[in-house]
Amino acid sequence: MVSSTLISSRSRSTAVRFKALETLSFGAPRVLPTVSSALLVGVSYYVGTRIGFAWTPHGQPNSTFWPPNAILLAALLLAPRKTWWTFFLAVLPAHMLAQLQTGVPVLTALSWFITNTSEALIGAYCITQFTDSPKRFGTVRGVLVFVVFGVLFAPLATSFLDAAAVVITGWGRHYWPIGMERFWTNALAELTIVPTIVLVGARGIPWIGRTTVTRLCEAVLLAVGTALIAFLVFGFQGLSPASTPALLYVPLPLLLWAAARFWVD
């Protein structure tokens, strides 16, 4: 009886040790992709922020084109919700580094971190609630959900908080113009950057290698056309969506063309 009890106890002890070893051996491979993805998002966010500051007119708080929020939104759409917090953790030092290097005050930079990440979070949460599919840009409903929540609602919900932070911290004046300018520039970035990143991320890099020359040429024309339109809309004084709101929708036909052509299996 004692012998059987000892054997049973040893068996349980062996099972516990086996589970511990299994956790150690299989936990790392599961963590590594999450960590590498978070680092990639952080680096991309930093590069996008630097590009945004390069497009910021001298003496103005708003950039004419602001990529980092769109980069973060695209990353959230490609990842499961349980890993979203790792992206925000990786983005924080990238955000502060890029902001402080440009001379932005600490309080303003912290406020912008809250509004930037809130914009991406609101957009990603709403979009995934209504279109929880990797091919969300492959249907008319998916494109409309993205435009409504990712391009319009999320930037609008955070732009005036962003403008309030700018005015309160003394980094800018004129609350309403700053809020409207921030909305239009962020909306255009969401409209042009997010579908591209999600398309490549969902299909994978090998998909590009399998694409025909004709399809690649078509993709290049779409990309160049979208970039030229963005420059024409935001690159000249006196011509902006703030004065002519309909300009925001100029790139939309190209995006619908891309969705129809490049999301068909």
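Observations on the model:
- Here the Karplus relation 6.51 cos²θ - 1.76 cosθ + 1.60, evaluated at θ = phi - 60°, turns the backbone of segment 53-59 into coupling constants of 5, 5, 9, 8, x, 4, x Hz, with x for every Gly and Pro.
- The Cβ shell under 14 Å around Q99 holds other residues with a net charge of 0, Lys and Arg each +1, Asp and Glu each -1.
- C217 paired with L107, simple spin-label distance in nm, labels 7 Å along Cα-to-beta-carbon: 5.8
- Shown in residue order for segment 136-148 are the 3J(HN,Hα) couplings computed by the Karplus curve 6.51 cos²θ - 1.76 cosθ + 1.60 at θ = phi - 60°: 5, 8, x, 10, 4, 4, x, 5, 5, 4, 4, 5, 5 Hz (x for Gly and Pro).
Every number here is computed from the coordinates shown, using simple stated rules; none is lab data. Note that this is a predicted model, so its numbers are computed, not measured. Every residue, glycine among them, receives a Cβ derived from its backbone with ideal geometry; neighbour counts consider all protein chains shown.
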